[in-house]
Amino acid sequence: MFRQLITKNFILLRLATAAIIIVLALSLPLWANPGITFRASLVLIYILFAASFNQLFNYTGLISFGQAAYFATGAYVAALYVKSGASLSGGIILAVIAGGLVAAFLGYISLRASGIYFAILTLALGQIVYQVIFKWPATGGENGLADIPRGTINLGLAQISLASPVSYYYLILICVSLGLFILWAVTHSNFGRILMSIKQNHVRASFLGINVRLYQLISFAIAGSIAGLAGAVYGPLTGVLMPEMATWIYSTTPILLTLMGGANFFWGPATGAVIFGIFEYLTRAMTGMSSLIMGLLLLTVVLAFPGGILGLVTSWLIGKPSIKKSSRNEGSAAASKLMPGGDVINE
Amino acid sequence: MSDIVLEIRDIEKYYHQFKALDGVSLCLEAGEIRVLIGPNGAGKTTLFSVISGENLANEGAVVYRGRDITRQVSWKRVQMGIGRCFQVARVFPDMSVEESLYVALQAYAGWQKKVRVPRDFFRPPRYVLEKTGAILDEIGLTDKRNIYVKTLSHGDKKRLELAMALAQEPDLLLLDEPTAGMSPEETRDTVNLIKRLHSNRRFTVFLTEHDMDVVFSLADNISVLYYGRLVASGKPEEIRKDPAVQEVYLGKEGDFDAFS
Amino acid sequence: METLFLPLVNGLTWAMMVFLVASGLSLVFGVLKILNFAHGGFFMLGVYLTYTFIRNHALSPLKFFLIVFLCGIILAIIGAILERLIIRRFYQLDEAYMLIATYALLLVIEGSVEGIWGLQFLALPSPKGLGGGTEIFNTIIPSYSLVIIAAGVAVAVLLNLLINRSPAGKIIRAAAGDPDMTSALGINVPIIYTMIFAFGIFLAAIGGGIGAPNQAITPTMASSFIIQAFGVVVVGGLGNIGGAFLAAIILGLVDSFGTIYLPQIPGIAFYAAMALILLVKPHGLFESSISTK
Ligand SMILES: Nc1ncnc2c1ncn2[C@@H]1O[C@H](COP(=O)(O)OP(=O)(O)O)[C@@H](O)[C@H]1O
Ligand SMILES: [Mg+2]
C-alpha cells in the first residue's frame, strides 16, 4: 500500500527529498555545533570528490585509481596561493585549472592503454604526483603544509571574511553545488550522451566516427578539475595538508563512497558520502579499525549490493532490481575473447 | 570504366604467427553490391577489419577514393564515408533505440559542424531529431523507438546497427553477415531492406554472406576468399561456373551450401 | 667500478623482492584473469607470520627457510579457502568491480594486521651467517642481498620449468588460454583455479618470509609492494612471468641508478620509467599471455 503510494508519486517524492536536503544543507550551521558543521563541510567536499570520480566511472566507463592526485593538486595549489597572502577565490580558480591540466596530461598518457592497463596507469601516474609533492621543498615535502589560512573572498564590492566555520561552510556549500551542477550538466548533455555511448560500446562509438580517446580525455580533464575544486576548499578547512592525500590509497575513498551510494545514480556518490560521514561520526570512538571496516564495507557492497544504497532504495520502491550484478559491457576491454559466430573482438 | 571506390592491394594480415590474409587485392566500383563469400575462418571479417581500420594490415595498401588510408584510424575512416556493421551487432545495450540514433546522428552532426552550442547543449539539435524519425521510418524501427536496445531481438539489433551506420551517410557500407542468425522471414526482409537502401541511396555495398539464395539475389559481383587467399572475383554466373571455385570449395557435393 | 657495483646489487635486490610478489600476481592473472591487489596483503602476511615464529632469534639458515616454507604452506591453505569462499565470486564481476573487490580484500588484510600486530615498526634478524657483508669487487655488499637475488632467480627458473616443461604446466597453459575448452576436455577448472590461486599466495608468502630480514616491517608495506609489483607486471605484460622478471630488473636498476644520479627526487625514477615505457608500449614490453607462449 505504502509502496504503491510512493511509486505513484515518485516525482513528488523526489521533489520533497530534494527540498528537505536543501533546507537541511542551508540551515545546518544554524542548529549544529561547530564540530558537526566541520564534519558536514568535510562531507560536502567528499561529495564533490566522489562525484568527480563517478563522472569517469559511471558516465564515461573509465576507472581512475588516481583521483586523489588531482584532488591533492588542487588542494596544494590553492593552499600555496592563499599562504602567499592572496585571496581564496583566486586560489580556487587556479586549483581548478591546475587539476584539469594535470589530469589532461596524465590522462593523455593513461588513455593510450585501456581496461586494467588504464587503471594501473592512473594509479602509477598519481603516485608520481604524490612523489613530487613529497619531495619538493615548495610543497613542504614530507612535513606537508600547515597554518593554511582561509583568508577572504573577494566579491568585487566587498571582502568577506571566511574565518568562522559557519561562513566557510557556506563557501564550501556554494563551491560544491557549483561543481555538482557542472558535472550534472556534463553528464546530462548531448556530450554526456556520447560519453555514455563510449562506456556502453566503445568500438561501436568509434565506428560512428567518434574520436573516442578525445572524448575520454575531455571527460578525464573535467573530472580532474572538479577534483581540484574539491581539493581547493579542503586545505583551508582543515588548515593542514599532508602529501599522503595524493596517494592511491586516498584515491579509493571516492570509489568506496560512489559504490556505497550507487554508482549508477548521479546522486549516488553524494548519498555514499553522507552515509559514510554519519557512520564515521557514530564510530569515531573506534580508532585504528578504519581500514578493516572500510574493506569489509566495500567487499559487502561489491559482492552483495553492487547497486549501492540508492540501488537498494529504488529496487524497493519500484520493485525490481535496478542493476545487474555483472555489468560487463559489450566491447568492454574484458571481452577480447571469441564471440559467438566466430567474430573476433579486438582491442 | 566506372570509378573505383575502394582498392585494396596485396593485403597481408597476421595474428601472431598465423597468416589470416595472404596477398588479397580487389577493387570495388562505385554503386555495386559486392558479396564476399568463403568458409568460416576464411578471413572475411579480418578483411573488413583491415578496410575499416579496426585492425591494421601488416603489408599492402587500402586506398579509398584515391586516398591511401592503410594506417588511418577507424573513426576518421568513418568520417570519410566508410560505414560498418559487425557480424555480431554492436549496439549500446542500455540506451533506447531513439537515443542510439541520437548518438549516431550527433556524432555525424558534430563533425559536420551542424551543432550550435549552447542551444543544443542538452537537447539533440533539430537536425538530429528530424533525421532520427526519417531513419527509423526508412529502416522500419519506428514502433520500437522507445525500447531499450538490450531487450531487442537479435534481428532488430542488427537493423538498429544498420540504422546507426546509415546516420553517417556512408558512401561505402561494409555489412558482415547481415542475415546471420535470422529466421527465413527476417532474412527476406533484410534482403529487401538492403536492396531498397541501395537503390535509394546509391552507395557501394560490400557484404559477406553464407546463404547462397541471399548471395545470388543481392550480388552484382562476387569475390571468393579461401583461407586468406582471394581465389576468384567476377559476375555471379562466372563464379558459379568457375572451375577454381568449384574445385576449392564446392567440393564433392558441387553445392554452394556445402560450406555454410 | 665500486660506485656502479653497489647500486647494481641494490637494484637487483629490489627487483627480486618485487619479482617474488609479481610472479604470483602475474601467474594468477594469467590463469584467473584477476589482477589481485590482495596479493600484496599475502606478501605482508608472509612477513608477519614468519616474524611471529622467529621473533628476535637468529636461526640457522636451514631452520629459517623451513619456517618460511611452512608459513608459505599455511597461507596457501588460507588462500585456497579464501578462493573458495570469496575470490570465486569475483570471476563474474566486471573488470572494474573486480579490481575494487580485491582492493577491499587488501584493506581487510591491512586492517587485520594492524589489529593483530599493531602499527609499530618491527624487524626480523637475518639467519645466522647471512647478516653481515660480503666483499665482491672491493665492495662490501650485504650478504642477505645475495640470498634475495638467488631466491628471485630460483623462483623464476622453477616457474619457467613448471609452466613450460611439466605436465602440470600444460594444464595451466590450457586453462589460461581457454577455460571452456579445458573443462570440455574433462579437466576440473575450478579446482585448477583454487590451486593456482593458492600457489600464487604461496609464492607471495615465501617472498615475504625471505624478504622479511631485509625490510622494515609495517602494516603499510603491503600497499607499497603491491603497487610496485603492479608496475612490474604491467610493464612486463600482464600474465607474462618472464616479462615480469625482466621488467623487475629494468625498473629496479632504473630506480637504484636514478636515486644515485637524481638524488633530489628519489622514488620518482621507478614511476617515470614505468610511465615512459607504457607510453611507448601501452600494453607492456612483452607478449601478455601464458597460453600463447
Ligand atoms: N584477433 C584474432 N586473434 C587471433 N586469430 C584471429 C583473430 N581474429 C581472427 N582470427 C583467425 O583468423 C582467421 C580468420 O578469421 P575471420 O576473419 O573471423 O574469418 P571469417 O570472418 O571468414 O569467418 C580465423 O582462423 C580466426 O581464428
Ligand atoms: Mg566472420
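Report the relative contact order of chain A, percent, no decimals, based on alpha-carbon pairs under 8 angstrom and at least 6 residues apart. Don't skip to the answer; put the middle values down first.
Values: 560 pairs, mean separation 94.9, N = 347.
The value is 27 percent.
Size of the dipole of the protein assembly as shown about the Cα centre, Lys and Arg at +1 and Asp and Glu at -1 on the beta carbon, nothing else charged, in debye to 20? Walk me through the numbers before you get to the answer.
Working: 65 positive and 56 negative charges, 343 e Å.
The dipole of the protein assembly as shown has a size of about 1640 debye.
Calculate the dipole size of the stretch C:19-149 relative to its Cα centre from +1 charges on Lys and Arg beta carbons and -1 charges on Asp and Glu beta carbons; express the result in debye to the nearest 20.
Numbers: 7 positive and 6 negative charges, 73 e Å.
Here the stretch C:19-149 has a charge dipole of around 360 debye.
Residues of A:255-261, mean number of Cβ from any other protein chain within 10 Å of their own Cβ, rounded to a whole number? Write down the numbers at each step before the final one.
On the way: counts 5, 4, 0, 1, 5, 0, 0.
Mean shielding by partner chains, rounded to a whole number: 2.
Once the dipole of the protein assembly as shown is set up with Lys and Arg at +1 and Asp and Glu at -1 on Cβ about the Cα centre, which of A:Phe181, B:Gly60, B:Ala134 lies farthest towards its positive end?
Farthest towards the positive pole: A:Phe181.
Just tell me how shielded C:30-40 is by partners: mean number of partner chain Cβ atoms within 10 Å of each residue's Cβ, no decimals. Don't skip to the end; give the middle numbers.
Details: counts 0, 0, 0, 2, 1, 5, 0, 3, 1, 0, 0.
Partner-chain Cβ atoms within 10 Å, mean over residues of C:30-40: 1.
In nanometres, what is the gap between the two model label sites at B:Asp143 and A:Ala16, each 7 Å from Cα along Cα-to-Cβ?
The answer from the label model is 4.0 nm.
For the charge dipole of chain A, defined by +1 on Lys and Arg C-beta atoms and -1 on Asp and Glu C-beta atoms about the Cα centroid, which residue among A:Gly90, A:Gly262, A:Thr73 has the Cα displaced farthest towards the positive pole?
Final value for the positive-end residue is A:Gly262.
To the nearest 0.05, what FRET efficiency results for A:Thr300 and A:Asp147 with a Förster distance of 41 Å applied to their C-beta separation?
Details: r = 40 Å, r/R0 = 0.97.
Result of the calculation: an efficiency of 0.55.
Once R0 is set to 51 Å, what does the formula 1/(1 + (r/R0)^6) return for the Cβ-Cβ distance between B:Asp68 and B:Asn192, expressed as a FRET efficiency to the nearest 0.05? Could you put the intermediate results ahead of the total?
Values: r = 36 Å, r/R0 = 0.71.
That pair, B:Asp68 with B:Asn192, gives E of 0.90.
If I take every Cα pair under 8 Å that is 6 or more residues apart in chain C, average their sequence separation and divide by the length, what percent do I get for the relative contact order?
36 percent
Calculate the all-directions average of the projected area of the protein assembly as shown's alpha-carbon convex hull, and give it in nm². Numbers along the way, then the final one.
Numbers: hull surface 171.9 nm².
Averaged projected area of the protein assembly as shown's Cα convex hull equals 43.0 nm².
Residues with amide H under 5 Å of C:Gly239's amide H, sequence separation 5 or more or different chain, H placed in the peptide plane at 1.01 Å from N; which?
C:Gly30
Take A:Glu280, B:Glu161, B:Glu99 and order them by how many other Cβ atoms sit within 10 Å, fewest up front.
On the way: A:Glu280 15, B:Glu161 25, B:Glu99 21.
Ordered from fewest to most neighbouring Cβ atoms within 10 Å, A:Glu280, B:Glu161, B:Glu99 come out as A:Glu280, B:Glu99, B:Glu161.
Once you have all Cα-Cα distances for chain B, histogram them in 10 Å bins from zero and send the whole-percent values.
Final binned percentages: 7, 29, 35, 21, 7, 1, 0.
Can you compute the FRET efficiency between B:Gln246 and B:Asp3 using 1/(1 + (r/R0)^6), with r the Cβ-Cβ distance and R0 = 25 Å? Round to the nearest 0.05.
E between B:Gln246 and B:Asp3, to the nearest 0.05, is 0.15.
GNM on chain C, C-alpha springs below 10 Å: top fluctuator among C:Val108, C:Val234, C:Val47?
Answer for the Gaussian network model of chain C: C:Val108.
Could you give me the ³J(HN,Hα) list for the stretch B:122-133, computed from phi with Karplus coefficients 6.51, -1.76, 1.60 and θ = phi - 60°, whole Hz, x at Gly and Pro?
Using θ = phi - 60°, the values come out as 9, 9, x, x, 4, 3, 5, 4, 5, 5, 4, x Hz.
In what order do C:Ile187, C:Ile217 fall by count of nearby beta-carbon atoms within 10 Å, going from fewest to most? Intermediate results must be reported in sequence, preceding the final value.
On the way: C:Ile187 14, C:Ile217 21.
Listing C:Ile187, C:Ile217 from fewest to most nearby Cβ atoms yields C:Ile187, C:Ile217.
Any number yet on Rg/Rh for the stretch A:127-194, C-alpha, Kirkwood? Present the calculation step by step, with values, prior to reporting the outcome.
Details: Rg = 17.8 Å, Rh = 15.5 Å.
Here the Rg-to-Rh quotient is 1.15.
Describe numerically, in nm with one decimal, the distance between label points set 7 Å from Cα along Cα→Cβ at B:Lys150 and at B:Glu29.
Taking the two extended label points, one gets 4.7 nm.
Determine the distance separating the Cα centre of the stretch C:29-50 from the Cα centre of the stretch A:34-77; give it in Å without decimals.
For the stretch C:29-50 versus the stretch A:34-77, the Cα centre distance is 29 Å.
How high is the relative contact order of the stretch B:126-260? Use alpha-carbon pairs under 8 Å, at least six apart in sequence, and give a whole percent. Could the numbers behind the result be given before it?
Details: 110 pairs, mean separation 21.4, N = 135.
Computed over the stretch B:126-260, the figure is 16 percent.
Using the Karplus curve 6.51 cos²θ - 1.76 cosθ + 1.60 with θ = phi - 60°, what ³J(HN,Hα) values do you get for each residue of the stretch C:242-258, in whole Hz, with x for Gly and Pro?
x, x, 5, 4, 5, 4, 4, 5, 4, 5, x, 5, 4, 5, 6, 6, x
Non-local amide H neighbours of B:Val231 (under 5 Å, H modeled in plane, Pro and chain starts lacking H): which ones?
Residues meeting the criterion, in which the H sits 1.01 Å from N, are B:Val224, B:Leu225, B:Tyr226.
With a ≥ b ≥ c taken as the square roots of the eigenvalues of the C-alpha gyration tensor of the stretch C:1-82, please select rounded if a/c is under 1.5 and otherwise prolate if a/b is larger than b/c or oblate if it is not? Show your work: numbers first, answer last.
Details: a/c = 2.75, a/b = 1.17, b/c = 2.36.
Oblate, because a/c is 1.5 or more while a/b does not exceed b/c.
Quote to one decimal, in nm, the extra length available between C:Ile116 and C:Arg55 on full extension: 0.36 nm per residue of separation minus the C-alpha distance between them. Display every interim value, and only then the final one.
Numbers: separation 61, 0.36 × 61 = 21.96 nm, distance 1.48 nm.
Taking C:Ile116 through C:Arg55 to full extension adds about 20.5 nm, to one decimal.
If you plug each phi of the stretch C:31-42 into the Karplus form 6.51 cos²θ - 1.76 cosθ + 1.60 with θ = phi - 60°, what whole-Hz ³J(HN,Hα) values come out, in order, with x for Gly and Pro?
In residue order, the calculated couplings are 9, 8, 6, 10, 8, 9, 4, 5, 3, x, x, 6 Hz.
What 222 nm value per residue comes from the helices of chain A, counting each DSSP H run with n ≥ 4 as -39,500 (n - 2.57) and dividing by all residues, nearest 500 deg cm²/dmol? Could the numbers behind the result be given before it?
Details: 14 runs with 235 residues, N = 347.
Value at 222 nm, helices only, nearest 500: -22500 deg cm²/dmol.
If the only charges are +1 at each Lys and Arg Cβ and -1 at each Asp and Glu Cβ, what is the size of the charge dipole of chain C around the Cα centre, to the nearest 20 debye?
Details: 12 positive and 11 negative charges, 117 e Å.
The dipole of chain C has a size of about 560 debye.
Peptide C:124-135: average number of partner chain Cβ atoms within 10 Å per residue?
0
List the residues whose amide H sits under 5 Å from the amide H of B:Leu6, counting only those 5 or more places along or on another chain, with H placed 1.01 Å from N in the peptide plane.
B:Leu28, B:Arg65
Have a look at the DSSP beta bridges in the protein assembly as shown and tell me what percent are antiparallel, nearest 5. Can you show the working numbers first?
Numbers: 32 of 49 bridges.
About 65 percent, rounded to the nearest 5.
How would B:Phe86, A:Phe191 line up from fewest to most surrounding beta-carbon atoms within 10 angstrom?
Details: B:Phe86 27, A:Phe191 21.
By the 10 Å Cβ count, ascending, the order reads A:Phe191, B:Phe86.
If you add up the charges near C:Ala198, with Lys and Arg at +1 and Asp and Glu at -1, over every other residue whose beta carbon is less than 14 angstrom from its beta carbon, what do you get?
Working: positive: C:Arg84, C:Arg88; negative: C:Glu83.
Here the count lands on +1.
Taking chain A as a Gaussian network, where each spring joins two C-alpha atoms under 10 Å apart, which residue of A:Ala138, A:Ala95, A:Ala72 fluctuates the most?
In this elastic network of chain A, the residue with the biggest mean-square fluctuation among A:Ala138, A:Ala95, A:Ala72 is A:Ala138.
When only alpha-carbon atoms are used, what values of Rg and Dmax, in angstrom, describe chain A?
Computed over the Cα atoms of chain A, radius of gyration and Dmax are 20.6, 69 Å.
Enumerate the whole-percent occupancy of each 5 Å bin, from 0 to the last occupied one, for all C-alpha pair distances of the stretch C:161-293.
2, 9, 14, 18, 18, 15, 11, 7, 3, 2, 1, 0
Among A:Ser251, A:Val129, A:Ala18, whose Cα projects farthest towards the positive end of the dipole of chain A, with charges put on the beta-carbon of Lys, Arg (+1) and Asp, Glu (-1)?
A:Ala18
Between B:Phe121 and C:Thr220, what is the label-to-label distance in nm when each label sits 7 Å out along the Cα-to-Cβ direction?
4.3 nm
Over the stretch B:95-151, what per residue volume does the convex hull of the Cα atoms give, in whole Å³? Walk me through the numbers on the way to the answer.
Numbers: hull volume 4.3 nm³, N = 57.
Enclosed volume per residue, from the Cα hull, is 75 Å³.
Taken together, the values in this text are just the output of simple stated rules run on the coordinates, not laboratory data. On a predicted model such as this, the values are computed, not experimentally measured, just so you know. Here Cβ is always computed from backbone atoms with ideal geometry, including for glycine, and neighbour counts include all displayed protein chains.
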